[in-house]
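The values are calculated or read from the model by the stated rules, or taken from the named source; none is laboratory data. These numbers come from a predicted model, not from an experiment. Using ideal geometry, Cβ is built from the backbone for each residue, glycine included, and neighbour counts are taken over all protein chains shown.
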Amino acid sequence: MEQHQPCSNSTIAEADRKLEQIKLAIDQFKQMKGALIPVLHEVQDVYGFLPEPVLQVVSAELDLPMSEIYGVASFYHFFSLTPKGEHVIHVCMGTACYIKGAQGILDRLSTELKVPVQGTTEDDKFTLEATRCLGACGLAPVLTIGEKVHGRLTPNAVPKMLKEYN
Amino acid sequence: MKLLTDLDAIRTLTQGRLDNRRISGASGESVSFRSVMVCGGTGCTSSDSNKIIAALEHEVAGRGIQTQVEIVRTGCFGLCELGPVVIVYPEGIFYSRVEIKDIPALVEQHLVNGKPYDKKIYEKTRQGDELLNFEETDFYKKQVRIALHNCGVIDPEVIDEYIASDGYRALAQVLTTMSAEQVIDTVKRSGLRGRGGGGFLTGLKWEFAARQNKPQKYVICNADEGDPGAFMDRSILEGNPHSVIEAMAIAGYAIGANQGFIYVRAEYPIAVQRFSKALDQAREYGLLGDDIFGTGFAFNIEVRLGAGAFVCGEETALIHSIEGHRGMPTPKPPFPAVEGLWGQPTIINNVETLANIGQIILNGAEWYAAIGTEKSKGTKVFALGGKVVNTGLVEVPMGITLREVIFEIGGGIPGGKKFKAVQTGGPSGGCLTEEHLDCTIDFDTLTSLGSMMGSGGMIIMDEDTCMVDVARFYLDFTRDESCGKCTPCRIGTKRLLEMLDKVTSGKGTLEDLEHMEQLSLQIKNASLCALGQTAPNPVLSTLKYFREEYLAHITDSKCPAGVCKALISYEIDAGLCRGCSLCARKCPSDAISGKMKEPYVIDKAACIKCGVCFDVCKFKAVAIV
């Protein structure tokens, strides 16, 4: 029956800690005009995406209707309403990278990981995303996995690069 | 609070450090103190420049020469292609593509024994046995660095180094000796135009805001560089953040504002971190806050992170985003200078525009106005990218030709390929061709040719680039980035993209071309903001200058550049194939079969046209047909 056990105490404590952090941030931003976007940045920083229950807390604390919060969150590319995989791959699709074959890299990743662009692998290990210019045009074509930048890529280098994360 | 005399003292104390970062002509062995400059721009940081710094520090400490060497993490040197870049002064030896394994030998040979470490010296500085001053190489010699003047020279995280290079002296001069009118007049006379893309006269914008008789006004710095292929604003924030802070305070004084905002992309973590650190230092020194230099003038700056919306480059959209709403533009007038953030007079200036202000105040309007062309004064920073040898960041005087930038500074096209087009102005700009190479770069010439200056991305394309595909790429971008508020932009760009998709997939007709032209003009004329008004430019300019490529797609079902997947297929030339099996082993869809030492064959039905076989074949046996 182990699989039906409720969350362990440590995960509850972790969830409480995260929510506490959000509430502190909200208190800090509350006085500021136009606080919503900075608060959403904080939520995404802490959770990796914008979970609905947390947005409801934001709604109550900032006294803003959920419709408005959803409107803002869905407008900006940087915010995500769905959870991401363990490693998020951002393939740069800026012009310099595109001209140097970024589409080929993206296609190859999609084939190797068996996910569409913006998709997450079944084992939640990778999320594949196309992104606008990362600003490292000298290394084109370039992508980031988490914080790490991989530059001067070819489609053939993709399988080996992915192995680093397995 | 620091006073003017304090700044002078800091300058005197720190000046020596900066003096050592110039090429002295000294011969290696007699030098007693060296400055090792390591590029800390995003390009070089991505290729591990931080680890290089750590390795250098470790080696220097291990040899006990800490007192004879300083290691400085600077902003971008410009030559991103060659990163990580390390320059050692006072000899001015330029090392490129330095790796961690090079560090022990570099330290031993150069820093201990005074002999340049030969293996990583930048090729272009070699002239026979002599080493050329890197500032004399083709990449650097035509550049004039005003906005980038401290990038690569100072440590952007040390305010004293900025002060030592005359930093905050312009602010002091403005606050203690000039009236607001005089400041505006100086900026107006310099002829500085907005570098974010619009090209509006900066001084005039300031004057509009200054004329408003309201108690609360705002200064906003737009650092939301959303252009794909442009990274000049980011490089300035990373390499010289105080120049932006100083200029915002000067702008505040000129228009009568005490509050500034910087709206910076969350996707630029290094820029955000360095700018925030610079803000803290400026506050600590009393260069921001109340009673700056004891003059009674107060100014503060708050950082607001953008959230990835290209349309926020538009002033009114950016204002709504800071207010906490969706970044959607509203009609002008009222202009932000009259009614902006929270209804108050607001000026919005781009990072690069602001980076010029301090230098204009210090050197005078006439000095600045003497650089450039009649109607486009000063310099422009470009991010050179794409199919060009020296990708990187360059700052050139206005009036220079495209040919000089692409072929002299940029070093031309790699791999012996032929130049095909240059794209300026990002998704709002257009593609220019060989016949335009001798045109001068300034706001008006580029616009008259159907392109634009934009924020300064300059992407070079060679014969392997399909211009229809490029137009499709930009349309995909603007369609995605349209805020959706007005119909011509929301639906028009979508329909335009569909027609381009049709052409690139080989299903286009000649009527489609006519429709595309018509629709483009309608979108341009009927959209509310600059995003929609300029979105069709890549289509119109490619239709104008590369019409034969569209026709090849439509009438011959061919993609001359071999890019559009629906129109190409891969074949193995049996005469050239040696039967090495490499392509078959690398093919992800098992579409290639054959026997070792006999020609292999591609099954066109199973081929996904990924091009891997083309890339891996060592005998050029795979052909695009």
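Of the residues B:Gly83, B:Gly40, the single one that is within 14 Å of chain A (Cβ to nearest Cβ), modelled with pLDDT under 95 and touching a Lys or Arg at 6+ places or on another chain (Cβ under 6 Å) is B:Gly40. Condition test on B:Gly199, is it outside any helix (DSSP H, G or I) and either in contact with a His (Cβ under 6 Å, 6 or more places away or on another chain) or on the phi > 0 side of the Ramachandran plot (or both)? So B:Gly199 fits the description; yes. Would you check which residues across region A:19-40 are in contact (Cβ under 8 Å) with a residue 24 or more places away in the chain and facing chain B (nearest Cβ under 10 Å) and list them? Within region A:19-40, A:Ala35, A:Leu36, A:Ile37, A:Leu40 meet the criteria. What strands (runs of 3 or more DSSP E), lying completely within region B:348-454, carry at least 3 residues that are hydrophobic (A, V, I, L, M, F, W, C) and within 23 Å of A:Gly135 (Cβ to Cβ)? Answer list for region B:348-454: B:379-386, B:392-397.
Looking at B:Ser235, B:Ser179, B:Ser190, just one residue is surrounded by fewer than 21 Cβ atoms within 10 Å (Cβ to Cβ) and among the small types (Gly, Ala, Ser), and that residue is B:Ser179. Only one entry in B:Asn222, B:Asn258 is away from chain A (no Cβ under 14 Å) and either surrounded by fewer than 24 Cβ atoms within 10 Å (Cβ to Cβ) or without any contact (Cβ under 8 Å) to a residue 24 or more places away in the chain (or both), namely B:Asn258.
Looking only at region A:124-144, decide whether some residue is of a type in the set (Val, Ile, Thr), out of contact with any strand residue (DSSP E or B) (no Cβ under 6 Å at 6 or more places or on another chain) and closer than 25 Å to B:Gly392 by Cα. Among the residues of region A:124-144, not one is of a type in the set (Val, Ile, Thr), out of contact with any strand residue (DSSP E or B) (no Cβ under 6 Å at 6 or more places or on another chain) and closer than 25 Å to B:Gly392 by Cα, which makes the answer no. Of all residues in region A:41-73, those satisfying the criterion of being part of a helix (DSSP H, G or I), within 14 Å of chain B (Cβ to nearest Cβ), farther than 13 Å from A:Ile22 by Cβ and not aliphatic (A, V, I, L, M) are A:Ser67, A:Glu68, A:Tyr70, A:Gly71. Could you please let me know if B:Thr346 is crowded, with 24+ Cβ neighbours inside 10 Å and hydroxyl-bearing (Ser, Thr, Tyr)? It is true that B:Thr346 is crowded, with 24+ Cβ neighbours inside 10 Å and hydroxyl-bearing (Ser, Thr, Tyr). For region B:412-442, the set of residues classified as away from every other protein chain (no Cβ under 12 Å), under 16 Å from B:Lys380 (Cα atoms) and not charged (D, E, K, R) consists of B:Cys439, B:Thr440, B:Ile441, listed by residue number. Starting from residues that are within 30 Å of B:Val264 (Cβ to Cβ) and in a helix (DSSP H, G or I), keep the ones in region A:108-147 and report whichever is farthest from the other protein chains (Cβ to nearest Cβ). This residue is A:Leu109. Residues in region B:582-599 that are assigned to a loop (DSSP other than H, G, I, E, B) and away from every other protein chain (no Cβ under 14 Å): 6 in all.
Looking across region B:562-618 at every residue that is among the aliphatic types (A, V, I, L, M) and modelled with pLDDT under 90, the one that is surrounded by the most Cβ atoms within 10 Å (Cβ to Cβ) is identified as B:Val612. Restricting attention to region B:292-313, the residues that are away from every other protein chain (no Cβ under 14 Å), in a loop (DSSP other than H, G, I, E, B) and touching a residue at least 60 places away in the same chain (Cβ under 8 Å) total 2. For region A:54-74, a residue qualifies if it is charged (D, E, K, R) and either within 18 Å of the chain's Cα centre (by Cα) or surrounded by 15 or more Cβ atoms within 10 Å (Cβ to Cβ) (or both), and the qualifying residues are A:Glu61, A:Glu68.
Of all the residues in region B:123-134, those that are in contact with a strand residue (DSSP E or B) (Cβ under 6 Å, 6 or more places away or on another chain) and farther than 16 Å from B:Ile23 by Cα number 0.
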